[in-house]
1. Quote the relative contact order of the stretch 58-125 in percent (integer), defining contacts as alpha-carbon pairs under 8 Å separated by 6+ residues.
2. Calculate the FRET efficiency for T555 and E143 from the Cβ-Cβ distance with a Förster distance of 56 Å, rounded to the nearest 0.05.
3. Estimate the FRET efficiency between E238 and S409 by the formula 1/(1 + (r/R0)^6), using the beta-carbon distance for r and 56 Å for R0, to the nearest 0.05.
4. Roughly speaking, to the nearest percent, how much of the chain's 1.4 Å accessible area is carbon and sulfur?
5. Among S493, S719, what's the order by accessible area (1.4 angstrom probe), most exposed first?
6. Over its Cα atoms, what ratio of radius of gyration to 2.2 N^0.38 Å does the stretch 347-424 give?
7. Just to compare against my own numbers: the Cα pair-distance distribution for the stretch 842-960, 10 Å bins, whole % per bin, please.
8. Rounded to the nearest 10 Å², what accessible area does H101 show when all protein chains are kept and the probe is 1.4 Å?
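The values are calculated or read from the model by the stated rules, or taken from the named source; none is laboratory data. Since this is a predicted model, take the numbers as computed values, not measurements. Positions of Cβ are backbone-derived with ideal geometry, glycine not excepted, and every protein chain shown enters the neighbour counts. These area figures cover heavy atoms from the full protein model, side chains too; ligands, DNA and RNA do not enter into them. Shrake-Rupley method; radii C 1.70, N 1.55, O 1.52, S 1.80 Å.
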Amino acid sequence: MPLVDGGSKITNYIIEKRESTRKAYATAITQCDKCSVTIPNLAEGSEYYFRVSAENEFGIGEAIETPDPIRASQAPSPPESITVTDVTKNSASLAWTKPKHDGGSRITGYVIEAQKKGTDQWSHVTTVKTFDFTIKNLNENEEYIFRVMAANLSGRSSPRQSKSTIIKEQNTEPEFDLRAVCQKTVIAKAGDDIKVEVPISGRPKPTVSWQRDNQALKLTQRTNVENTPTSTILKITECVRNDSGIYSVTGKNVVGSVTENITIKVHDVPGPPKGPIKLDKVAPTFIEISWDTPENNGGVPINNYIVEIRETTSQTWVELSTSVIRTTFKSSITIAWNKPVYDGGSEITGYIIEVCPLEEEEWAIVSPKEGLKATSFTITNLKENQEYKINISAVNSEGVGEAAAVPGSPKAEDRLLPPEMDLDADLRKVVCLRACNTLRLFVPIRGRPVPEIKWTRENDEPLERATIENTSSYTLLVIGNVNRSDSGKYILSLENSSGTKTATVNVRILDTPGPPQHLKISKVTKESVSLEWEPPQNDGGTKIKNYVVEKREATRKAYATVNALCHKTSWTVDQLQEGCNYYFRVLAENEYGIGQPIETSESVKVSEKPLPPRKITLQDVTKNSVTLSWEKPEHDGGSRIGAYVVEMQGKGSDKWTQAVIVKVTEAIVSGLTPGEQYMFRVSAKNEKGSSDPRQIGVPVIAKDLVIAPSVKLLFSTFSVIAGEDLSIDVPFNARPKATVSWAKDGAPLKRTTRTNFSSSEKMLNLSIKEACRDDVGHYVIKLSNSAGETTADIGVIVLDKPGPPSGPVKVEEVTADNSVKIVWTKPEYDGGSKVTGYIVEKKELPEGRWLKANFTNVIETEYVATGLVEGQNYEFRVIARNAAGVFSMPSYSTGPITAKDEIDPPRISINPEYTQTIVVNAGDTFKIDADVHGKPTPTIHWIKGEQELSNTIHREIKNSDSTALQTTVLKIKKLLEGNEYIFRVLAV
């Protein structure tokens, strides 16, 4: 709170915010009556300044601002995984991955703790900023568990725990994990980047070296090797054909050595056919040419050649054919036949082949002039796609025999071949690959015409992430950065006009598991929630080891781990806060880590069905209805009561019938049979179900009641500020209906434009508009019916300004020492609340202003004004203030008063009997008192004879201290017998 409240009570605080990147403040909360507040709806990760201003009845004061910006963030989520990478006889090396969520603030470090088996205590090890650390000075042969927490400016995350680890020297041979490299072969297109990551294990940590084609690998700007604590990585950027080869990786430690070979194939376009081009045959209408295959086929078989021609008078090349599959360009038909059954009695010496286009009749001999000895022949120089008629004639020494026609109409075109594919032996087994690597399925194909190639997945799963390259001789499917969703069956289909071919490749991606299935809430209590689920559809290629169960409050973003080692498919999360809403999620874990979560779609309120309602009260009963009320249950089960169910049971019946459902703790059950006897019971209902019923104590008979009037007033005195309206409700009960009369201060209350009174079946009301002093008083309500009568008293106080202090305001003493004593009487009317003080005002005459004379509250009805100027004329008046904080009108003034001493000679007032001779018995006590007047205050002396008296054992003199009137008393004890005494009092 402010040190200075401005003289008035602080009524409100205003809170403002601004982002650190802005200059203007925005109002966050306008109404706050406390000294603390939570500001919602901030942007996560943003920095804010805040300022607070106090407000009283006079306005808003200056603000106080936070000196530094505050980041809106929370603690991060835990590290994703933690692995023990190495163990010696006194140390353990850890590695972990960063959290999924940093809580909106940069991770400042990681806190490492260790716990020895058999203890509950976690020991702080260190805080680091890296993702690995070696913990030293551990006890040999002891078993430890380690955990790591991420920290930011808002705090620490929940911990991520390691497996239990025994600290001892564990020497093992190096071992490479090549499951991520399909068939130990990496295929890439020229220009792509190659990354081969090979996990390596072994203790002590192996040293790693790479070779290519049995030579140490030369590291260049394009080729380099990176070694991490758990793997070795070969990187080749913008690969070329010359990067193809066999790469060897070797790991060595004191235990042994291991070497693995990886084949890298870079596919590129082929080199040029090897020349020169040979002119094998030149004729008037055709040229037969041939060439040699390229020295570099691009890493895959040559699919076909493209033959182009250019006239010497032109600069333009024209395609002759794009599908030449041999190194000789010609159109041909190869035929074969058997020898004649009968040789005419003479040995067959040769054969003559004739051809003729199908639509023509001009035959031409195409066999060699010297004759053809063989029984097969390739007819060349034919027109592509032209159909021909072909005759074959045998020749012996007697001449040419009858021609035999080749069946059909042979056409000069490529022969059709059904599709075929050559699946590698590794592709016929299950292809296992580590997540985050690249899947490459390379399959050589053949067929004429070139088959149509189609890759699909089982159950029509999408292939959106796959890159597919198809040629006439192979197909290649590539998926980079594979994950568990890429596991399954890949179906390759080939189809051309000659047939179809299908093959299936089974792929298993070794990854963290997919999300568990069918998470459901099986039970909810006021402090726990029971979960059930099914194993993941995709286990990541390896057995599920355990599940991780997490929770988060609906108002938070970060999850907290409940159980990191759950070995069944159900778990009860306890120690929850009753009435709070929670989300839950479950993650499966295998040897590769923790997988994706399944989360409850809606928040779950931690609650259960409520307890029964408490005491049921019969409020009213008529011949056909009953009015019941009851108390709320002691416990609502952690969830708001949504309704109450009222049931009834007639006498002689075992059946309970629902009568009414209400949301309040009172109900009217109507439609009862007059004179019948009923039992009633009430159940509370929340979102979890209905409570056990609470039954009324005794049966109820449906009949009209006779009830004497009674009033249920909580208060008997009501106050209202003058000028405001007052409404007083008076609950009552009466059966039959009571007559009502109102009185004020002993006289009947009359209705006016400001005052009104009314009644209903259960309520009386007094209404006063613009209350004033006249409304103050004692009000009496009288109710009566045939069963009796009652009265209720109500006091009304109107809080108004009090009357002025009563006068006249008197000045009792004026002195020249700058002071005046003023006396008054309290106001006749206190304004409805006690007068708590007065303000005295003074005015210098003749032309001064009224100024406050007192600076502290004056409680009594007198005041001494000091600091006056001698000889100056003054005037004084008084203002009253009551407990409502309202000030009266000023009193009448004192009139002019001059600040100077008043002079009054001393005089003594004494009872006349003391002026006569008084006889007193010996031993008696004698007492004389007198009043002394005079200004300035006189000095008093008692004299006996000529001697001044003073106090002795038997004589006591007392003088009062009043400044207005002094009293003096002479008291003498044990007077002596026979003596005569004369006393006198002298005022000076």
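1. 26 percent
2. 0.90
3. It comes to 0.55.
4. 48 percent
5. S719, S493
6. Scaled against compact globular proteins, the figure is 1.39.
7. Taking every Cα pair in the stretch 842-960, the percentages come to 9, 25, 21, 16, 17, 11, 1.
8. Approximately 70 Å² of H101 is accessible to the 1.4 Å probe.
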